[in-house]
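Colleague: Supplied in C-alpha cells, the structure appears directly below.
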Amino acid sequence: MTFVLSMACALLAALSYGTASVMQAAAARRTGTRPNLDALLLVRLARQVPYLAGLALDLVGFASSVVALRNLPLFVVQSAVAGSVGVTAITAALAFGFSLRRYETVALVVLVAGFALLAVSAQPEHATTLSRHGRWLLVAGIGLVVIVGYVSARRHERAASVGLAIGAGLSWAGTGIAARVLHVPTPLWHVIIDPVAIVLAVYGVLGTLLFATALQRGSVTAAAALVFSVETVVPSGIGLAFLGDHARPHFLTAALAGVVASVGASITLARRSEPLPPRIAADTGVRRQTR
C-alpha cells in the first residue's frame, strides 16, 4: 500500500508541475524583462492570478514528491517528475495554439513507457543519512546555482533561457536531494531550524526565480524539458552513488532503461519552440518561429 501511494504521489507531482509550468509561463510573458537576474521578479509575478495558481500547483507537486521520496529512490521520483514535461507540452499546445509534431507525440509515448519501467523496477526504501561533508556540499551547491543564474541572466536570447533553465534544474535537484535525506524531527516545529530543511527552502526559492526568468526568455516546453532533465540526472546519480538507492533485484537494466527513456524523451521535447507573443519576442530579442 505504501508503494502504491508513493507512486501515485510521484505521478501527481508530474501532473502538477507540468500544468504549473504553462500557467507560470503565461504570467511571466506578460511581465517586463530586465537584462540581469531580477530578484523582484517574483514580487511582480505575485500580482497575477495565473502565476499564483501555478505556484499553488507547484506546492501540490512539491508536497507529493516529498511524500514519494520518503519511500522511493531519487531516480524513480525525479524521472517521474521529468515526465511532467509531457504534461507541459500538451498543455502549452492548447494554451498557445500550436499542434504537436509526430516526433513529439512519439516522445510522449516514450515518457509513459519510461515511467512504467521505473514503476516496476523501484525498490521502496529510506535514504541513508547524509554525512557532514555531504551536508556542506549540499550548501556549497547553492553558490553554484547563484553563479549559473547570474551569468546566464546577462546573456541574450536562447542562451539565456537555456542557462537559466539549467540553473533552475540544479536548484531543484538540490531540493530533491534535501527532501530525500531530510529526517522529520519530533516535535515537528524543529524542522524550521533543521539545516537540511533550510537548504531545501533556499534551493526551492532560487529554482522558482530562475525558472520564472527562463520562461520570460524562451520556450516553456524547452525550458521545462531542460529543468526536469537536469533535475533527474543529477540527484539520480547522487542517490545511486551515495544515498543507498538501488533498483529491485534483477531490475537494474529496466531502471536504467526507464531513466534513459524519460530523460531522452524530455530532451527531444526540448526542441520545441512555440511562438512567442510579438511583444515578448521584441523585448527578449527572440525571433518568432513558425511551424
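Any read-out appearing in this document is the output of simple, stated calculations on the displayed coordinates, not a laboratory observation. For clarity, every value in this text was computed on a predicted model and none was experimentally measured. Neighbour counts are summed over all protein chains in view; Cβ atoms, including those assigned to glycine, are modelled from backbone coordinates with ideal geometry.
Colleague: In sequence order, what are the phi-derived ³J(HN,Hα) couplings for the stretch 141-153 according to the Karplus relation 6.51 cos²θ - 1.76 cosθ + 1.60 with θ = phi - 60°, rounded to whole Hz, with x for glycine and proline?
Modeller: x, 4, x, 4, 4, 4, 5, 4, x, 5, 5, 5, 5
Colleague: What is the Cα convex hull volume of the chain when expressed per residue in Å³?
Modeller: Taking only Cα atoms, the chain has a hull volume of 119 Å³ per residue.
Colleague: Next up: Roughly how many Å is it from the Cα centre of the stretch 197-258 to that of the stretch 119-192, as a whole number?
Modeller: Answer, in whole Å: 8.
Colleague: Running a GNM on the chain with Cα contacts under 10 Å, which residue among Phe96, Phe75, Phe211 ends up with the highest mean-square fluctuation?
Modeller: Phe96
Colleague: Just grab the label-to-label distance for Ala53 and Val106, each label 7 Å out from Cα along the Cβ direction, in nm (one decimal).
Modeller: The answer from the label model is 3.5 nm.
Colleague: List the residues of the stretch 101-127 whose backbone N lies under 13 Å from a point placed 7 Å from the Cα of Val260 along the Cα-to-Cβ direction.
Modeller: 114
Colleague: Something else: Against the longest alpha carbon principal axis of the chain, how many degrees, from 0 to 90 and to the nearest 10, is the axis of helix 252-269 turned?
Modeller: Long axis of 252-269 versus the principal axis of the chain: about 10 degrees.
Colleague: Based on the mean of other Cβ atoms within 10 Å per residue, sort peptides 9-17, 223-231, 106-114 so the most packed one is first.
Modeller: 223-231, 9-17, 106-114
Colleague: Shifting gears a bit: Report the relative contact order of the chain, percent, no decimals, based on alpha-carbon pairs under 8 angstrom and at least 6 residues apart.
Modeller: 28
Colleague: Now for a different question. Tell me what the chain gives for mean residue ellipticity at 222 nm when only DSSP H runs of n ≥ 4 count, each as -39,500 (n - 2.57), the sum divided by the residue total, rounded to 500 deg cm²/dmol.
Modeller: Helix contribution divided over all residues of the chain: -24500 deg cm²/dmol.
Colleague: For a footprinting-style exposure proxy, rank Tyr203, Tyr103 by other Cβ within 10 Å, fewest first.
Modeller: Ranking Tyr203, Tyr103 by Cβ neighbours within 10 Å, fewest first, gives Tyr103, Tyr203.
Colleague: Could you tell me how many degrees, from 0 to 90 and to the nearest 10, lie between the Cα long axis of helix 2-28 and the main elongation axis, the longest principal axis, of the Cα atoms of the chain?
Modeller: 20
Colleague: What FRET efficiency, computed as 1/(1 + (r/R0)^6) with R0 = 30 Å and r the Cβ-Cβ distance, is obtained for Leu94 and Trp136, rounded to the nearest 0.05?
Modeller: 0.10
Colleague: Once both labels are modelled 7 Å past Cα along the beta-carbon direction, what's the Ala113-Ala8 spacing in nm?
Modeller: For Ala113 paired with Ala8, the spin-label model returns 2.8 nm.
Colleague: Give a residue-ordered list of calculated ³J(HN,Hα) values for the stretch 71-88 (Karplus: 6.51 cos²θ - 1.76 cosθ + 1.60, θ = phi - 60°; whole Hz; x for Gly, Pro).
Modeller: Whole-Hz 3J(HN,Hα) from phi for the stretch 71-88: 10, 10, x, 4, 5, 6, 5, 5, 5, 5, 5, 4, x, 5, 5, x, 4, 4.
Colleague: If you fit an axis through the alpha-carbon atoms of helix 220-242 and take the longest principal axis of the Cα set of the chain, what angle between them do you get, 0 to 90°, nearest 10?
Modeller: Its long axis makes an angle of about 20 degrees.
Colleague: Subtract the Cα-Cα distance of Thr186 and Thr129 from 0.36 nm times their separation in residues, and report this length gain in nm to one decimal.
Modeller: 18.8 nm
Colleague: Shape of the stretch 103-261 from its Cα gyration tensor (a ≥ b ≥ c, root eigenvalues): rounded if a/c is under 1.5, otherwise prolate when a/b > b/c, or oblate?
Modeller: Cα axes put the stretch 103-261 in the oblate bin.
Colleague: Within the stretch 1-95, list the trypsin sites (Lys or Arg not before Pro) lying in a DSSP loop whose Cβ has at most 12 other Cβ atoms in a 10 Å radius.
Modeller: Taking the stretch 1-95 and a limit of 12 other Cβ atoms within 10 Å, the loop trypsin sites (Lys or Arg not before Pro) found are Arg47.
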